Amino acid sequence: VRLMSKSVKGLVLKDVKLIISQMKLLLVVMVIWAIFMAGSMRMTFFVGYVAILCSFLTLSTVNFDEAENGFAYLFTLPISRKDYVFEKYLFGFLLTTVPYVVIAALSWAALVIWQAAEANLVEYIVSISLSLPAAYFLLVLEIPLQIKFGQQKSRILTVVMVGCMSACLGVIAMISELLGTAVETVSSFMGLGAGMLALITAGILAVLFVLSYKISCKIIEKKEF
């Protein structure tokens, strides 16, 4: 019911317009860089980079809402605090997933054009399969932290987040080269296929999203604006 409520739709529309107005140049650069990187052997790294970067963009919308006592005004509207939190998770999920899919498709298309003889769709999908779960994991961590600490401690939070993002990007760059054989090794060791591992990962992420959402709701319900 909340997913279809007018308040959630209004908040999503607000955040979309905010990202478009504030991040238009960044999105253009991301697309151009994605096409450029697709011509090299670093496509999988950039796909992961886009997913993680987009998950962090959700924080900018929270900062914008909080600026100049914005929460006090926002909650005078017919918007509940739980609706607000729910919208941030929904928007973060969409903002992370849609660019990831688009950049992954563009990178694959470029790979087919420039390296048709070496292009292998299965290997490509496997090589980028950790990027999206990693971005989701960061998302469920960053939203409660941002709501809890707010703009006053945003500098410290930003330093920590940038450090985490840099570490994750390094891990993705390293894992992307090994993931093709790693998934097969783990699957054979556990007796599970790639499909079952994907379902298990999706289940774990779903649980984390629910727990993170409940924590965020408790945090924002206790805050005074």
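The values are calculated or read from the model by the stated rules, or taken from the named source; none is laboratory data. For clarity, every value in this text was computed on a predicted model and none was experimentally measured. Neighbour counts run over all protein chains shown; Cβ positions are idealised from the backbone, glycine included. SASA here: full protein model, heavy atoms, side chains in, ligands and nucleic acids out. Shrake-Rupley method; radii C 1.70, N 1.55, O 1.52, S 1.80 Å.
How large is ³J(HN,Hα), in whole Hz, for each residue of region 214-219 in order, when computed from phi with the Karplus curve 6.51 cos²θ - 1.76 cosθ + 1.60 and θ = phi - 60°, using x for Gly and Pro?
With the stated coefficients, region 214-219 comes to 5, 5, 4, 4, 5, 5 Hz.
Set the Förster distance to 45 Å, then compute FRET efficiency between residue 76 and residue 197 from the Cβ-Cβ distance, nearest 0.05.
0.45
With θ set to phi - 60°, apply the Karplus curve 6.51 cos²θ - 1.76 cosθ + 1.60 along region 51-60 and write out the HN-Hα couplings as whole Hz, x wherever there is a Gly or Pro.
4, 6, 4, 5, 5, 6, 5, 4, 4, 5
Over the heavy atoms of residue 60, what accessible area does a 1.4 Å probe trace out, to the nearest 10 Å²?
Taking all protein chains as shown, residue 60 has close to 40 Å².
Where does each of 221, 66 land when they are ordered by accessible area, with a 1.4 Å probe and the largest first?
Listed by decreasing accessible area, they come as 221, 66.
To the nearest 0.05, how large is the calculated FRET efficiency for residue 20 and residue 222 if R₀ is 30 Å and r is the Cβ-Cβ distance?
Efficiency, from the Cβ-Cβ distance: 0.35.
Compare 88, 9 by solvent-accessible area with a 1.4 Å probe and give them largest first, with all protein chains kept in place.
Most to least solvent-accessible, the answer reads 9, 88.
Give, in nm to one decimal, the length gained when the segment between residue 141 and residue 207 is fully stretched (0.36 nm per residue of separation minus the Cα-Cα distance).
Full-extension gain reported as 22.5 nm.
From the phi of every residue in region 12-18, what ³J(HN,Hα) in whole Hz does the Karplus formula 6.51 cos²θ - 1.76 cosθ + 1.60 yield, where θ is phi - 60° and glycine or proline is x?
Each residue of region 12-18 in turn: 4, 4, 4, 5, 4, 5, 5 Hz.
Students sometimes get this wrong: rank 97, 76, 58 by accessible area, probe 1.4 Å, all chains present, largest first.
76, 97, 58
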